[in-house]
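The values are calculated or read from the model by the stated rules, or taken from the named source; none is laboratory data. Bear in mind that the values here come from a model prediction, so they are computed numbers and not experimental data. Cβ sites come from the backbone with ideal geometry, for glycine too, and all protein chains shown count toward neighbours.
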Amino acid sequence: MGHRKQSAPRRGSLAYLPKGRASRILPRVKYWPPYDGEPKLLGFIGYKAGHTTVYYIDTTPNSPTQGLEVMKLGTVVATPPIIVAGIVGYIEENSTLKEYTRVWSDNLPDEIKRKIPTWRPSEKEKIEELKKAIDYLEEVRVIALARPKLAGLPKKKVDLLEIKVGGPISKALEYAISKLGKEVNISEVFDRGEFIDVISVSRGKGFEGVISRYKVKIQPRKKRKTRREVGAIGGRSPAYVTYTVPRAGQHGYHRRTEYNKRILVIAENGLEFTPKGGFPHYGLVKTEAIIIEGSIPGVPKRPVVLRAPARPPKEVEPPNVIMVGVPK
């Protein structure tokens with residue numbers, strides 16, 4: 001072991017295994033937190049635009065900078081209105097959720113009409129079927145439709161995501177029916193100063209070795225074979241390589257969730273804090289947008305899912321934003 005005596009700190013984290021490629025660029029939401037307030041959507045779809053600087057008065061209790069002006073990094077996310085294209089009702093079967101039925105709106109944009117069956121029953125028939133099964137429903141979700149072209153992206157294909165409707169089942173179903181075929185804005189889902197979870201796919205870096213992937217040390221100069229590898233991959237027994245041994249493979253393009261990111265600004269026009277010439281690799285934000293404190297995974301133009309917090313912290317007074325961007 002040399003100068004390391006009998007042990008050495010482990011290289012690389014095992015918190016995210018397996019480190020495989022994400023199955024889709026718009027991640028699915030695996031968990032929706034409970035919510036008992038007035039019915040509303042518990043998530044939204046946005047598109048990462050870039051970063052900016054936010055100056056605001058810190059209102060965090062017991063913070064060293066409480067009451068002082070602070071400067072923080074902010075991530076701008078374009079949030080054009082989404083369309084409630086359908087409703088899905090779920091029942092419980094064998095302790096798991098199973099789809100009971102779904103309703104597609106008759107008023108849909110042309111981008112999605114070719115993706116759903118044309119022989120589907122009418123909207124009224126399916127709504128009546130949902131209402132009759134109100135006593136058996138465990139969860140109500142809407143099929144949210146986001147149009148990247150409204151965010152100024154060249155992508156033509158729309159993004160679809162099931163979003164849970166929070167609140168009691170009866171009120172949640174009424175809310176979903178009232179919004180069927182209509183637009184929902186970000187201001188109807190989240191408020192300024194609220195904490196949210198951000199689910200997105202990180203920046204892809206391709207196939208990488210153990211040095212880049214796990215940050216292990218490069219072997220000494222007199223190493224007999226290659227230097228950019230681990231010293232040993234295990235003994236003769238068991239006759240396989242355990243999962244804890246750093247190995248080469250996919251690096252980046254992983255589905256990741258960041259908890260409790262605070263919304264600093266919600267604006268109807270993203271041009272208010274778009275820099276001159278637009279954001280690098282994105283351009284101008286011409287739609288509704290929000291600024292999230294800190295950074296989020298992904299590259300510009302990548303879709304992100306904004307979700308109600310699964311581990312909500314203590315409520316904090318919304319910050320008093322003074323200025324966004326670099327002072328002139």
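Structural remarks
- Restricting the range 63-113 to residues that are modelled with pLDDT under 90 and within 27 Å of VAL299 (Cα to Cα), the residue that is surrounded by the fewest Cβ atoms within 10 Å (Cβ to Cβ): GLU111
- Each residue in the range 76-101 was checked for being in a strand (DSSP E or B) and either in contact with a Lys or Arg (Cβ under 7 Å, 6 or more places away or on another chain) or within 19 Å of LYS182 (Cα to Cα) (or both), and 12 of them qualify.
- Test: residue in the range 255-269 that is more than 27 Å from LYS286 (Cα to Cα), out of contact with any helix residue (DSSP H, G or I) (no Cβ under 9 Å at 6 or more places or on another chain), modelled with pLDDT of 95 or more and not hydroxyl-bearing (Ser, Thr, Tyr): yes
- Residues being part of a loop (DSSP other than H, G, I, E, B), under 19 Å from LEU73 (Cα atoms), in contact with a helix residue (DSSP H, G or I) (Cβ under 9 Å, 6 or more places away or on another chain) and not charged (D, E, K, R) - total across the range 285-312: 1
- PRO327 meets each of the listed conditions (1) modelled with pLDDT of 90 or more; (2) part of a loop (DSSP other than H, G, I, E, B); (3) closer than 30 Å to LEU153 by Cα apart from (1).
- Flag if VAL54 is within 21 Å of GLU268 (Cβ to Cβ) and either among the acidic types (Asp, Glu) or more than 21 Å from the chain's Cα centre (by Cα) (or both): yes
- For the range 77-111, a residue qualifies if it is touching a helix residue (DSSP H, G or I) at 6+ places or on another chain (Cβ under 9 Å), polar (S, T, N, Q) and over 22 Å from LYS126 (Cβ atoms), and exactly one does: THR79.
- The residues of the range 126-138 that are part of a strand (DSSP E or B) and crowded, with 18+ Cβ neighbours inside 10 Å amount to a single one, LEU137.
- Single condition GLN219 does not satisfy, out of (1) out of contact with any helix residue (DSSP H, G or I) (no Cβ under 6 Å at 6 or more places or on another chain); (2) in a loop (DSSP other than H, G, I, E, B); (3) within 27 Å of PHE195 (Cα to Cα): (3)
- Filter result for ARG247 (assigned to a loop (DSSP other than H, G, I, E, B) and of a type in the set (Lys, Arg)): yes
- The range 188-208, subset in contact with a Gly (Cβ under 9 Å, 6 or more places away or on another chain) and outside any strand (DSSP E or B), residue surrounded by the fewest Cβ atoms within 10 Å (Cβ to Cβ): ARG203
- Residue satisfying all of: in the range 16-62; in contact with a helix residue (DSSP H, G or I) (Cβ under 8 Å, 6 or more places away or on another chain) and of a type in the set (A, V, I, L, M); surrounded by the most Cβ atoms within 10 Å (Cβ to Cβ) among these: ALA49
- Among the criteria (1) surrounded by 14 or more Cβ atoms within 10 Å (Cβ to Cβ); (2) out of contact with any Gly (no Cβ under 8 Å at 6 or more places or on another chain); (3) at pLDDT below 95; (4) assigned to a loop (DSSP other than H, G, I, E, B), the one GLU315 does not fulfil is (1).
- Qualifying residue in the range 176-186 (condition: under 22 Å from TRP32 (Cβ atoms), part of a helix (DSSP H, G or I), under 17 Å from the mean Cα position of the chain (by Cα) and in contact (Cβ under 8 Å) with a residue 60 or more places away in the chain): yes
- Cβ-Cβ distances below 9 Å connect the following pairs, each with a first residue in the range 269-298 that is without any contact (Cβ under 8 Å) to a residue 40 or more places away in the chain and at positive phi, a second residue that is part of a loop (DSSP other than H, G, I, E, B) and crowded, with 21+ Cβ neighbours inside 10 Å, and a separation of six or more residues or different chains: GLY278/VAL285.
- The set of residues from the range 255-292 being under 18 Å from the mean Cα position of the chain (by Cα) and either surrounded by fewer than 20 Cβ atoms within 10 Å (Cβ to Cβ) or of a type in the set (Lys, Arg) (or both) comprises ARG255, ARG256, THR257, GLU258, TYR259, ASN260, LYS261, ARG262, ILE266.
- All positions within the range 237-260 that are touching a Phe, Trp or Tyr at 6+ places or on another chain (Cβ under 7 Å) and basic (Lys, Arg): none
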